[in-house]
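Participant: The structure that follows is given in the form of structure tokens.
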Amino acid sequence: PYKDWYFLRDGKSSYGDKFDYEAWSGYQVLPKLNVYHPDVRNHIFDVARFWLELGIDGWRLDCAADISPEFWNDFRRVCQETRPGSVLIGEIIHGDYNSWVDDYHRLHSATNYQLYKPLWSCLKDRNFFELRHNIERDEHLYGEKVLMNFIGNHDVDRVLSILNDDRQLVR
């Protein structure tokens, strides 16, 4: 009954299944969900409602850019109806944040990977020009949008791994 939840293809999977399927970013252990199928959407929305009703304040959504902005419109509506004021932060590694973040319909914020390198570069190399340039670029491109800046996370090197001279930590 769940075959339509996925994108099935002719052939066998690399695991010897009697069918093949699209996988997220080529990782066969992660079958790609058909978020356009009503039952899939409803299931995801039910999971969101469940956790929001338990009291979580929102979602940090991994690989958010791999799902259409239209899906996030509906996901946000469900979350806001369930827990007004809940927050959606999407991991967006590249691209135009304007496509994913807005005040009313899509994600509230996104991880600002475009500022990650300039942040640690100003500490390591004292390259404040690069940091200033990129902050001004962000202000020009994204205006009042609130993006989530960071100096490390599980997908990139942590700042302490990049700064290899103790003097860089105390400036």
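Participant: Would you compute, for the Cα atoms of the range 94-171, the largest minus smallest coordinate along each principal axis and list the three values in descending order, in whole Å?
Facilitator: Cα extents, longest axis first: 44, 27, 18 Å.
Participant: Can you count the Lys pairs in the chain whose Cα atoms are under 20 Å apart, with each pair 8 or more apart or on different chains?
Facilitator: Lysine pairs, 8 or more places apart or on different chains, close enough: 6.
Participant: Determine by what factor the alpha-carbon radius of gyration of the range 8-116 differs from 2.2 N^0.38 Å, reporting the quotient.
Facilitator: On the way: Rg = 15.8 Å, N = 109, 2.2 N^0.38 = 13.1 Å.
Here the Cα radius of gyration is 1.20 times the empirical estimate.
Participant: Among ILE92, VAL146, HIS133, whose Cα sits farthest toward the positive end of the charge dipole of the chain (+1 at Cβ of Lys/Arg, -1 at Cβ of Asp/Glu, about the Cα centre)?
Facilitator: Final value for the positive-end residue is HIS133.
Participant: Give me log10 I(q)/I(0) at q = 0.16, 0.19, 0.24, 0.31 Å⁻¹ for the range 55-99, Debye formula, one equal scatterer per alpha-carbon, no solvent.
Facilitator: Values returned for q = 0.16, 0.19, 0.24, 0.31 Å⁻¹ are -0.43, -0.59, -0.88, -1.20.
Participant: Further question: How big is D, in µm² s⁻¹, for the range 40-171 by Stokes-Einstein at 20 °C and 1.002 mPa s if Rh is the Kirkwood radius over C-alpha pairs?
Facilitator: Numbers: Rh = 16.3 Å.
Translational D for this selection: 132 µm²/s.
Participant: Roughly speaking, to the nearest percent, how much of the range 124-166's 1.4 Å accessible area is carbon and sulfur?
Facilitator: 50
Participant: Could I ask something else about it? Kindly report the accessible area of the chain per residue (heavy atoms of protein chains, probe 1.4 Å, no ligands, DNA or RNA), in Å².
Facilitator: On a per-residue basis, the chain sits at 64 Å².
Participant: Report the trypsin sites (Lys or Arg not before Pro) located in the range 36-144 that are in a DSSP loop and have at most 16 other Cβ atoms inside 10 Å of their Cβ, or state none.
Facilitator: ARG126
Participant: Ok, one more. For HIS37, HIS140, HIS43, give me the order by solvent-accessible area with a 1.4 Å probe, most accessible first, ignoring ligands, DNA and RNA.
Facilitator: HIS140, HIS43, HIS37
Participant: Given an 8 Å cut-off on Cα distances and at least 6 residues of separation, report the relative contact order of the chain as a percent.
Facilitator: Value for the chain: 14 percent.
Participant: Same structure again: Counting GluC sites (Glu not before Pro) as exposed when in a DSSP loop with at most 16 other beta carbons within 10 Å, what is the longest stretch of the chain free of them?
Facilitator: On the way: sites that count: GLU22, GLU144.
The longest uninterrupted stretch comes out as 23-143.
Participant: Once amide H atoms are placed 1.01 Å from N in the peptide plane, what residues at a sequence separation of 5 or more from TYR21, or on another chain, have their amide H within under 5 Å of its amide H?
Facilitator: ARG9
Participant: Another question, if that's okay. Non-local amide H neighbours of GLY58 (under 5 Å, H modeled in plane, Pro and chain starts lacking H): which ones?
Facilitator: The answer is VAL87.
The values are calculated or read from the model by the stated rules, or taken from the named source; none is laboratory data. Keep in mind that this is a model prediction, so the values were computed, not measured. As a convention, Cβ positions derive from the backbone with ideal geometry for all residues, glycine included, and neighbour counts pool all protein chains shown. Please note that ligands, DNA and RNA were not included when accessible areas were found on the heavy atoms of the full protein model with its side chains. Shrake-Rupley method; radii C 1.70, N 1.55, O 1.52, S 1.80 Å.
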